[in-house]
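Since the structure comes first, as structure tokens, the remarks are kept for the end.
The values are calculated or read from the model by the stated rules, or taken from the named source; none is laboratory data. Since the structure is predicted, the reported quantities are computational estimates derived from the model, not experimental observations. Cβ: placed from backbone, ideal geometry, glycine included. Neighbour counts: every protein chain shown.
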């Protein structure tokens, strides 16, 4: 299918950007775990989580509205009004949310928030504002199917935040406050730069602001706010409970293991998530439901082809990776890593499985299912964390993600189902398990050589199985190699 090629091409741009962004995580991980104590690293993770929640609220679902409605306003030649309304409206709302957050934390925070955290919250409020507006502005590039520009901005945001944060740590003082201050300055600079470009190129004006567009955008996007908040709450609320029950040191171990797992799964999740929505909506409008279902079937199969090898390979080498990146003082973080990475990979499947709800405009179902899952997660965490520590939080993460994926898939398939290619999926799962067992019994001398050698061998084992047993993949690779040898497509005439 040409659409699959388009998806792969656009995903490759997002994937490349995500690899570069993920590299920043791997760069910062060993630096920050060495600069900060385990407790301070946990506090930094808590502030990051708080900012993410604030951004989710402040965006009010505008990025999803941009992706959903951009093509319609483009066809009507109303983009000027659409740009002005979204930009000006989102800036006003983000500023309001940030100010309210800052005031609330200063008025009430001293009563129930740790003193080491309360000093960071004013900086967090500014990070919320810049994060909201930048996410909304960037969503226009997704809607326009311009993955290169979208990825470039995301890279600047990530490395600017990391670079200034670390610079401030070494220039001012080696504490979390200096790092967050650097992140805040970076966010403001990037927001002002992109905002200026938008004003200059798009001619945004207050006169072009449309209250009708504004209301419709909120009406569409607001239910997704709860879904995004639920996503964040599902995956990050355990950090607040760990801080409450176990303290900052345990939170630091959990944050380290969770972050490392997140770097791996997001490398696959986000490129696909950003590329797939505009593409399948285009297929649906222009080619109908049949082609859209065929597209989902193939997309899900190829998604698991890559996800399985990464997840099981990561679990196999995870302990060596933590020791290499964060030193052995963080080895306790490995105890939760398998549960988190498997749970997140299962949750990642919903990127494709739940699209029927988006197509049928029944996003409220996602909200309801997410809220129920969050209640389940908090309840199980309250039971397990005091008794089993951070590993209890890891178990809860896995249980909650399985529950959410099963329930949301059930409702989504009632609206818009597609065929699941079980035969190939089982093949990929068995191949990854064979690779996992082999890697558990392979070791080399030297930390770096051991890590690189096991990664290389794991990849060889997995893809050898795929090439031997998956005829379609083998045929595609043969065709690709043949095309490289004869790119012009010339045929010899005998």
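Condition first: in contact with a helix residue (DSSP H, G or I) (Cβ under 8 Å, 6 or more places away or on another chain), in a helix (DSSP H, G or I) and buried (at least 16 other Cβ atoms within 10 Å of the Cβ). Now tell me which residues in region 362-373 satisfy that. Quick ask: steps written out before the conclusion?
First, the residues of region 362-373 that are in contact with a helix residue (DSSP H, G or I) (Cβ under 8 Å, 6 or more places away or on another chain): 362-367, 369-373.
Then keep just the ones that are in a helix (DSSP H, G or I); that gives 363-367, 369-373.
Correct list: 363, 365, 366, 367, 369, 370, 371, 373.
Give all pairs with beta carbons closer than 8 Å in which a residue from region 171-184 that is without any contact (Cβ under 8 Å) to a residue 60 or more places away in the chain meets a residue that is crowded, with 18+ Cβ neighbours inside 10 Å and in a loop (DSSP other than H, G, I, E, B); count only pairs at least 6 apart in sequence or on separate chains.
177/120
Checking the condition outside any helix (DSSP H, G or I) and either modelled with pLDDT of 80 or more or in contact with a strand residue (DSSP E or B) (Cβ under 6 Å, 6 or more places away or on another chain) (or both), which residue from 173, 125 passes? Before you say what the answer is, go through the steps one by one.
Details: 125 fails: outside any helix (DSSP H, G or I).
Exactly one residue qualifies, and that residue is 173.
Among the residues of region 350-360, is there at least one that is touching a helix residue (DSSP H, G or I) at 6+ places or on another chain (Cβ under 6 Å), in a helix (DSSP H, G or I), touching a residue at least 40 places away in the same chain (Cβ under 8 Å) and surrounded by fewer than 18 Cβ atoms within 10 Å (Cβ to Cβ)? Step through it out loud before you land on a result.
Going residue by residue through region 350-360, those that are touching a helix residue (DSSP H, G or I) at 6+ places or on another chain (Cβ under 6 Å) are 350-354, 356-357, 360.
Those still in the list that are in a helix (DSSP H, G or I) too: 350-353, 356-357.
Then drop every residue that is not touching a residue at least 40 places away in the same chain (Cβ under 8 Å), which leaves 350-353, 356-357.
So of that shortlist, the ones also surrounded by fewer than 18 Cβ atoms within 10 Å (Cβ to Cβ) come out as none.
Scanning region 350-360 turns up no residue that is touching a helix residue (DSSP H, G or I) at 6+ places or on another chain (Cβ under 6 Å), in a helix (DSSP H, G or I), touching a residue at least 40 places away in the same chain (Cβ under 8 Å) and surrounded by fewer than 18 Cβ atoms within 10 Å (Cβ to Cβ).
Return yes when residue 319 is touching a residue at least 40 places away in the same chain (Cβ under 8 Å), surrounded by fewer than 22 Cβ atoms within 10 Å (Cβ to Cβ) and in a helix (DSSP H, G or I) and no when it is not. Explain how you work it out, then say what you get.
Details: touching a residue at least 40 places away in the same chain (Cβ under 8 Å): no; surrounded by fewer than 22 Cβ atoms within 10 Å (Cβ to Cβ): yes; in a helix (DSSP H, G or I): yes.
So residue 319 does not fit the description; no.
Six or more apart or on different chains, Cβ atoms under 8 Å: show the pairs whose first residue is in region 408-434 and within 30 Å of residue 368 (Cα to Cα) and whose second is loosely packed, with under 13 Cβ neighbours inside 10 Å.
416/289
Given the condition farther than 29 Å from residue 289 by Cβ and free of Cβ contacts under 8 Å to residues at least 12 places away in the same chain, answer yes or no: does some residue in region 399-407 qualify?
no
Residues 82, 29: which one is assigned to a helix (DSSP H, G or I), at pLDDT 70 or above and farther than 28 Å from residue 195 by Cβ? Step through it out loud before you land on a result.
On the way: 82 fails: farther than 28 Å from residue 195 by Cβ.
Sole residue among the options that is assigned to a helix (DSSP H, G or I), at pLDDT 70 or above and farther than 28 Å from residue 195 by Cβ: 29.
Can you pull out the residues in region 131-158 that are outside any helix (DSSP H, G or I) and either free of Cβ contacts under 8 Å to residues at least 12 places away in the same chain or crowded, with 21+ Cβ neighbours inside 10 Å (or both)?
Residues of region 131-158 outside any helix (DSSP H, G or I): 144-146.
Matches in region 131-158: 146 only.
What about residue 196, is it surrounded by fewer than 19 Cβ atoms within 10 Å (Cβ to Cβ), modelled with pLDDT of 80 or more and either out of contact with any helix residue (DSSP H, G or I) (no Cβ under 6 Å at 6 or more places or on another chain) or assigned to a helix (DSSP H, G or I) (or both)?
Values: surrounded by fewer than 19 Cβ atoms within 10 Å (Cβ to Cβ): yes; modelled with pLDDT of 80 or more: no; either out of contact with any helix residue (DSSP H, G or I) (no Cβ under 6 Å at 6 or more places or on another chain) or assigned to a helix (DSSP H, G or I) (or both): yes.
No.
Suppose we filter 252, 221 for residues that are within 25 Å of residue 74 (Cβ to Cβ), surrounded by 19 or more Cβ atoms within 10 Å (Cβ to Cβ), more than 16 Å from the chain's Cα centre (by Cα) and touching a residue at least 40 places away in the same chain (Cβ under 8 Å); which single one remains? If you could, list the steps in order and put the result at the bottom.
Numbers: 252 fails: within 25 Å of residue 74 (Cβ to Cβ).
Just one listed residue meets the conditions, 221.
Please tell me if residue 376 is within 23 Å of the chain's Cα centre (by Cα) and exposed (fewer than 14 other Cβ atoms within 10 Å of the Cβ).
Working: within 23 Å of the chain's Cα centre (by Cα): yes; exposed (fewer than 14 other Cβ atoms within 10 Å of the Cβ): no.
Judged against the criteria, residue 376 is not a match.
Cβ-Cβ distance below 9 Å, separation of 6 or more or different chains: which pairs start in region 225-249 with a residue that is outside any helix (DSSP H, G or I) and end on one that is crowded, with 21+ Cβ neighbours inside 10 Å?
Once the first residue is outside any helix (DSSP H, G or I) and sits in region 225-249, its partners that are crowded, with 21+ Cβ neighbours inside 10 Å give 246/254; 246/385; 246/390; 247/42.
Taking the conditions exactly as written (in a helix (DSSP H, G or I), surrounded by 18 or more Cβ atoms within 10 Å (Cβ to Cβ) and free of Cβ contacts under 8 Å to residues at least 40 places away in the same chain), does residue 161 satisfy them or not?
yes
Does residue 384 satisfy the criteria of being under 25 Å from the mean Cα position of the chain (by Cα) and without any contact (Cβ under 8 Å) to a residue 60 or more places away in the chain?
Numbers: under 25 Å from the mean Cα position of the chain (by Cα): no; without any contact (Cβ under 8 Å) to a residue 60 or more places away in the chain: yes.
So residue 384 does not fit the description; no.
Which numbered condition in (1) within 18 Å of the chain's Cα centre (by Cα); (2) within 27 Å of residue 33 (Cα to Cα); (3) surrounded by fewer than 21 Cβ atoms within 10 Å (Cβ to Cβ) is the only one that residue 128 fails?
Unmet condition: (3).
When you look at residue 327, is it more than 21 Å from the chain's Cα centre (by Cα) and either surrounded by fewer than 16 Cβ atoms within 10 Å (Cβ to Cβ) or at pLDDT 90 or above (or both), yes or no?
Yes.
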